[in-house]
Amino acid sequence: MDFNFSEEQNMLRDTVRNFVDKEIMPHIAEWDRVGKFDPSIMKRLADLGLMGVCIPEEYGGSGMDYNSLAIVCEELERGDTAFRTAVSVHTGLNSMTLLQWGTEEQKQKYLVPQAKGEKVGAYGLTEPGAGSDVASIQSTAVKDGDHYILNGSKSWISLCDTADHFLVFAYTDKEKRHKGISAFIVERDWKGFDSKATKGKLGIRSGNTGEIFFDHIKVPKENLLGEEGEGFKIAMAALDNGRFTVAAGAVGQIRACLEASVKYAHERETFGKPIGQHQLVQRMIANMKAGLEMSSLLVYRAGELKNAGTRNTEETSMAKWQACDFANKAADDAIQVHGAYGYSDEYPVERYLRNSKAPVIYEGTREIHTIMQAEYALGYRKDKPLNKMLPAWEGDRAKV
Ligand SMILES: Cc1cc2nc3c(=O)[nH]c(=O)nc-3n(C[C@H](O)[C@H](O)[C@H](O)COP(=O)(O)OP(=O)(O)OC[C@H]3O[C@@H](n4cnc5c(N)ncnc54)[C@H](O)[C@@H]3O)c2cc1C
């Protein structure tokens, strides 16, 4: 087990950190206040090679290892959850799923432009009546000659107005429940597609989230991902990758809370001394530090399993569950450390608290991960290797 980052990984961290400090930090309070998502950020991330971090170079990506993707997510979320969420859905949920399940033709057509950042991908599983309970989806895809006719709608879809390609899930055979769900690649420009952003969100206000609608969309049969009936398996495999990026982002969120709280604890004085010298304030700061270190270790362990091409659903679920819970608690405590000032947007910590809530809900709620971990412990749940694992990372670790 190697706990050191390579020189290249440290350089990558510096690059993303500088990008966040220059391109996101000066604007984020205003973007958050007015609810503005700036899609040009995606273009600038692409210029830095950050839209296909661990996609192999032969498919237009940067060919870095999975923990390099974690570093990118961590540093982006130190700036704001919206931009890490964008990378999570584009790379974690969509591109890596195409890499894992796509035909060569699908990879060339969709994955390559996505990994280069020329096109943006998103992921549509949730529906108004189906979140945790995936089998309750209502969308249908009915075979009609060379096409499927797709009908239905999806809600809470990140990048709903921005993405070019959507990985969506619909029933091809409702009788078969989970085994009747299939996955499709759908293009925004196709007739019958529409989207609408959701207003009034608690957090991730500088992100783009909303509904997508399918009205008799003709989806060519070549755009079926995997086999008919493999959609549920594909959706869950995608979450193994998405959850990893969410967990890594939460590490960045905890770091942001800790940095802001330490700074403020040195500046603010009560009863004749900096508040950092009061033990109850120290306890909150110590808890943030513990959360940061424990979450980092869980994330990098999952990353190493991914590098080795080993099934990691259990470890990734644990990392996502714990890191997001720690981030939510750290953000709550960060406001407490700031007192009333933390309650206003003069300081960033109130945004951290609002942003930290969605990751406890999406990609498996806190309760779903709790149940999963209990089931692993009790022996009710056992994972077999998937028939299609992501390829083990083939690079030389020292040369990430
Ligand atoms: C900002 C944001 C972005 C999102 N982006 C996307 C996206 O890009 N693509 C996408 O497909 N979805 C996305 N989602 C949706 C997200 O994945 C779902 O909200 C999530 O899966 C939970 O589903 P739900 O909201 O329907 O809650 P429900 O499943 O209805 O759950 C409601 C409550 O009941 C609890 N619960 C449910 N079942 C059980 C059980 N068996 N035991 C105990 N408790 C249970 C849950 O934990 C929760 O507390 C996003 C959500 C948000 C907030």
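The values are calculated or read from the model by the stated rules, or taken from the named source; none is laboratory data. In this text, all values refer to a predicted model and were calculated from it rather than measured experimentally. Virtual Cβ from ideal backbone geometry, glycine too; neighbours counted across all protein chains shown. Each accessible area value is taken on the protein alone, full model and side chains, heavy atoms only, with ligands, DNA and RNA left out. Shrake-Rupley method; radii C 1.70, N 1.55, O 1.52, S 1.80 Å.
Counting only GluC sites (Glu not before Pro) that sit in a DSSP loop (anything but H, G, I, E, B) with at most 14 other Cβ atoms within 10 Å, what is the longest stretch of the chain containing none of them? Each step should come with its number before you reach the end.
Numbers: sites that count: Glu118, Glu227, Glu346, Glu394.
The longest uninterrupted stretch comes out as 228-345.
Rounded if a/c is under 1.5, else prolate if a/b is larger than b/c, else oblate: which is the range 333-400, with a ≥ b ≥ c the root eigenvalues of its Cα gyration tensor? Here the range 333-400 falls in the oblate category. Considering only C-alpha atoms, what is the centroid distance from the range 91-132 to the range 61-79, in Å? So the separation of the two Cα centres works out to 18 Å. Relative contact order of the range 123-231: 32 percent, from C-alpha pairs under 8 Å at least 6 residues apart in sequence.
Using only DSSP helix segments of four residues or longer, with each worth -39500 (n - 2.57), what per-residue ellipticity at 222 nm results for the chain after dividing by its residue count and rounding to 500? The helix contribution divided over the chain gives -15000 deg cm²/dmol. Evaluate the Kirkwood expression for the hydrodynamic radius of the chain, namely the inverse of the mean inverse distance over all pairs of different C-alpha atoms, and round to one decimal in Å. For the chain, the Kirkwood estimate is 21.4 Å. For the pair Asp383 and His27 in one chain, pulling the backbone fully straight at 0.36 nm per residue adds 123.8 nm over the alpha carbon distance. Principal axis analysis of the Cα atoms in the range 125-199 yields extents of 35, 32, 14 Å, listed in decreasing size.
With respect to the cross-link table entries Lys109/Lys221; Lys43/Lys116; Lys233/Lys357; Lys154/Lys191; Lys119/Lys357, which display a Cα-Cα separation exceeding 20 Å? Don't skip to the answer; put the middle values down first.
On the way: Lys109/Lys221 14 Å; Lys43/Lys116 10 Å; Lys233/Lys357 27 Å; Lys154/Lys191 17 Å; Lys119/Lys357 29 Å.
Exceeds cut-off: Lys233/Lys357; Lys119/Lys357.
Straight-distance candidates among the lysines for linking to Lys289, with alpha-carbon spacing under 17 Å and chain neighbours fewer than 8 residues away dropped: Lys263, Lys329.
Round to a whole number: what % of the accessible area of the range 236-398 belongs to carbon and sulfur, probe 1.4 Å?
Working: 4470 of 7800 Å².
Of all accessible area on the range 236-398, carbon and sulfur atoms account for 57 percent.
Let's test this: bin the Cα-Cα distances of the range 123-248 at 10 Å from zero up to the farthest pair and state each bin's percent. Per 10 Å bin, starting at 0, the Cα pair percentages come out as 13, 46, 34, 7, 0.
Largest GNM mean-square fluctuation among Gly276, Gly252, Gly117, using the chain with Cα springs under 10 Å: Gly276.
Here the Gaussian network model covers the chain, with springs between Cα atoms less than 10 Å apart; of Thr97, Thr15, Thr85, Thr15 fluctuates the most.
Of all aspartates and glutamates in the structure, the ones whose alpha carbon falls short of 18 Å from that of Lys22, not counting any fewer than 8 places away in one chain, are Asp14, Glu30, Asp32, Asp38, Asp47, Glu74, Glu75, Glu77, Asp80, Glu259. Please find the FRET efficiency linking Ala290 to Asp173, where r is the Cβ-Cβ separation and R0 is fixed at 45 Å, and quote it to the nearest 0.05. Efficiency at R0 = 45 Å is approximately 0.40. By definition, a body whose alpha carbon gyration tensor gives a ≥ b ≥ c is oblate when a/c is 1.5 or more and a/b is not larger than b/c, and the range 8-129 fits this oblate description. Summary value for the chain: 18 percent relative contact order, contacts being C-alpha pairs under 8 angstrom separated by 6+ residues. Placing a label point 7 Å from the Cα of Thr198 along the Cα-to-Cβ direction, the residues of the range 125-146 with a backbone N closer than 13 Å are 125-132.
Here the alpha carbons of the range 254-362 define both size measures, Rg and Dmax, at 15.9, 56 Å. Between the beta carbons of Ala308 and Asp133, assuming R0 = 41 Å, the FRET efficiency works out to 0.80 to the nearest 0.05. The alpha carbon centroids of the range 167-201 and the range 305-368 are separated by 28 Å.
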